[in-house]
């Protein structure tokens with residue numbers, strides 16, 4: 001990579017950080033409990049809107065995984081989810097009515113909070129419908145993963161976003177508040193993925209899965225990216241570029257073995273396809289606050305009203321060892 005490209009990326013990183021610092025004015029503190037954060041705590045960062053039905057299980061799942069403190073941004077919820085989050089003793093909450101799209105799809109807000117509170121911590125950045133799975137997650141907490149990565153001099157950890165869906169029509173995956181969404185949407189595509197390398201940013205670009213075949217069959221290259229770097233030993237100089245798909249400095253995107261071997265990696269189980277999906281897709285299309293003015297959600301909204309994504313080739317989720325056996329994640333040399 002040329003010096004000019006490297007210099008350009010450094011300037012871009014500074015620009016995103018400066019932008020995030022300016023966007024801090026859009027955030028209103030609702031409950032700030034960050035004084036309770038201790039050295040070595042695992043932090044989770046998340047932006048949400050109208051997710052009251054999902055929040056109870058989301059907090060439960062990540063507490064069990066070992067998250068010590070949640071730093072959340074409520075983007076103008078009207079369903080009581082903000083009040084619920086604010087009442088949690090391990091949550092610091094900010095609210096904003098500002099446009100999600102104009103804040104780089106929420107990343108400006110989170111970048112500011114990460115700059116201020118995450119320096120020196122392992123930080124997990126996820127959406128409310130994403131559930132992090134990593135090797136030995138059934139017996140080792142996130143702090144153990146962080147300790148092992150520290151000992152290995154590794155600062156970032158990659159994950160494939162794996163879309164989960166029900167066996168029948170999406171409308172029949174009825175989700176009640178507090179439920180584990182995998183109780184009603186436990187199926188996934190074991191194959192059907194394409195991988196390319198972004199030479200400029202050094203990250204892998206992964207597409208495919210059920211959204212590619214069900215909604216982008218005619219133009220698979222337009223399907224959403226599935227590569228993520230959700231778990232990072234944060235430094236205030238870092239910034240995500242596009243959601244958690246890419247990060248700067250670009251060396252943090254090297255979450256794969258460049259020699260063709262296997263590097264330890266994880267999965268984000270993406271529980272989007274529940275009975276709430278159609279209404280949320282329509283709302284997202286109308287608000288046009290998501291990537292490319294919500295074009296992805298416009299495609300969802302214009303598709304069949306009640307799609308069945310399951311096929312005879314679908315696989316039902318069991319555990320992380322199953323995902324490793326399928327080659328979707330790897331424990332690498334973490335024994």
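How much of the pair distance distribution for region 129-198 lies past 20 Å, counting alpha-carbon pairs only, in percent? Cα-Cα pairs of region 129-198 separated by over 20 Å account for 51 percent. Sorted fewest first by neighbouring Cβ atoms within 10 angstrom, 96, 125 come out as 96, 125. Sorting the segments 251-257, 49-55, 269-275 by their residues' average number of neighbouring beta-carbon atoms within 10 angstrom, most packed first, yields 269-275, 49-55, 251-257.
Global size of the chain: 19.0, 54 Å for Rg and Dmax (C-alpha atoms, Rg to one decimal, Dmax whole).
Computed log10 I(q)/I(0) for region 186-286 at 0.19, 0.21, 0.25 Å⁻¹: -1.12, -1.26, -1.43, from the Debye equation with unit scatterers placed on every C-alpha and solvent omitted. Only helical runs count toward this figure. For the chain, summing -39,500 (n - 2.57) over DSSP H runs of n ≥ 4 and dividing by all residues gives -8500 deg cm²/dmol at 222 nm. Under the classification rounded if a/c is under 1.5, otherwise prolate if a/b is larger than b/c and oblate if not, where does region 1-155 fall, given a ≥ b ≥ c as square roots of the Cα gyration tensor eigenvalues? It is oblate, given that a/c is not under 1.5 and a/b is not larger than b/c. Looking at the chain, the DSSP beta bridges with both ends there are about 55 percent antiparallel. So for region 109-243, what percent of the C-alpha to C-alpha distances run longer than 18 Å? When all Cα pairs of region 109-243 are counted, 65 percent exceed 18 Å. Listed peptides 60-66, 147-153 appear in the order 60-66, 147-153 once ranked by packing, highest mean of other Cβ atoms within 10 Å at the front.
Just so you know, all these numbers are worked out from the coordinates, no wet-lab data involved. On a predicted model such as this, the values are computed, not experimentally measured, just so you know. Cβ sites come from the backbone with ideal geometry, for glycine too, and all protein chains shown count toward neighbours.
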